[in-house]
Amino acid sequence: MWITSLKKTRSIQTIIKSGCLVYIMKKRKKLGLALGAGGARGLAHIGILKILEKHGIQVDYIAGTSMGAVIGAFYGAGHSPEDLEQIAKTTDWRNIVDFNIPKVGLVTGQLIERKIDKLVYGKNFKDLRFPLRVVSYNLTKREQVIFSKGNISTAVRASLSIPAIFSPLKIGQSFFVDGAVGDPTPFDVVKEMGADVILAVDLFVKEKTVKAPRVKKSSLMTYWKEMFVVQELYQLKNLIFPEEWPKFIRRLLMWTFDKLLYPARVLRILAGREIPPITRTIHQTIQVLTNNLAKERLKNADIDVLVTPSFGNLDWYDFDKVEEFISIGEKSMRKKIELLKKKLA
């Protein structure tokens, strides 16, 4: 009868010796999940988690980079895959984008950090239900950084600071950017955490070329484009008509300026153009470099199960395609679920 009370974390091997049954306890293998970077493509991680839970597979460690860090943090804070799917579907991504005139990034990231903190209930790493590691890159010291303690939202914000999109996060005297710069898929991190079996989800490896962003109606790129024009016009207006000018004259000239160069009018003139081009170019270049880095790192990687979703034409900013990304994640994990079970046996 005592056998039935054994913890689920252990299995029983039955060995027959001299006609007697001897029960030997076998320690369950620890599973480490490495969630890679990839912008909106990281929503596929939700599909991965859904399949793992459906098959009763417990995750013991998670290491995440960029969007992988976001999903790992939310999951560790107590959200189920179904919760994560609902959060992704109901979040208006434009409401958490604090647009910034490009100096070092289009987005400051403060709104996103507050949103993350709310969704992880203000927890620190020690409060999570399993060990989590968040990968970022210290641009000042030019070295990879792995966050494992302190505030989760700050660490995740540092990890997702995509160069040319987000302003680098300053912590102390250092500036931090997207962890994908040094470790797109942190399989090595979960290995160091103590995982016996490594399941890595790589969102770059199948990429051969990086296409130019497709500007679509109501897409995040369209929103950034519009906000860039609005902010540039606002700055230009204040530059042309200084505050020290007489109020009446200033108001009259500014009113005329608004009529002639109203943002909607300018947007129509600029229809089809991607703004600012330097930001797009920098981000494309980083995507190519990160893709090549991911490929090279995975060539001789010590990974038990590698999942490489295929996204077709879906791009990193297609946050309105939640269901498609999650479905792709589920499909890719189903293909490897039996192999994972064998590795864990």
Which numbered condition Ser80 fails, given (1) within 18 Å of Val305 (Cα to Cα); (2) open to solvent by 10 Å² or more (accessible area, probe 1.4 Å): (1)
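If you take the residues in region 314-345 that are outside any helix (DSSP H, G or I) and under 19 Å from Asp202 (Cβ atoms), which one is nearest to the chain's Cα centre (by Cα)?
As a first pass, look at region 314-345 and keep what is outside any helix (DSSP H, G or I): 314-321, 345.
So of that shortlist, the ones also under 19 Å from Asp202 (Cβ atoms) come out as 314-316, 318.
On the way: Leu314: 15, Asp315: 13, Trp316: 10, Asp318: 13 Å.
By that ranking, first place goes to Trp316.
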Residue that is modelled with the lowest pLDDT, among those in region 190-208 that are open to solvent by less than 50 Å² (accessible area, probe 1.4 Å) and within 16 Å of Gly42 (Cβ to Cβ): Glu207
Failed criterion for Gly172 (all others in (1) surrounded by fewer than 21 Cβ atoms within 10 Å (Cβ to Cβ); (2) closer than 30 Å to Asp304 by Cα; (3) not β-branched (Val, Ile, Thr) hold): (2)
Pick from region 177-189, criterion touching a Phe, Trp or Tyr at 6+ places or on another chain (Cβ under 7 Å) and part of a loop (DSSP other than H, G, I, E, B), ranking: surrounded by the most Cβ atoms within 10 Å (Cβ to Cβ): Pro184
Filter result for the condition that a residue is at pLDDT 95 or above and either on the phi > 0 side of the Ramachandran plot or under 17 Å from the mean Cα position of the chain (by Cα) (or both), over Val134, Val59: Val134
Failed condition for Leu339, given (1) modelled with pLDDT of 90 or more; (2) farther than 30 Å from Lys27 by Cβ: (2)
Residue match in region 62-70 (condition: open to solvent by 10 Å² or more (accessible area, probe 1.4 Å), out of contact with any strand residue (DSSP E or B) (no Cβ under 6 Å at 6 or more places or on another chain) and in a loop (DSSP other than H, G, I, E, B)): no
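The values are calculated or read from the model by the stated rules, or taken from the named source; none is laboratory data. Computed from a predicted structure; not experimentally measured. Quick reminder, even Gly has a Cβ in these numbers, built from the backbone with ideal geometry, and neighbours come from all protein chains shown. These area figures cover heavy atoms from the full protein model, side chains too; ligands, DNA and RNA do not enter into them. Shrake-Rupley method; radii C 1.70, N 1.55, O 1.52, S 1.80 Å.
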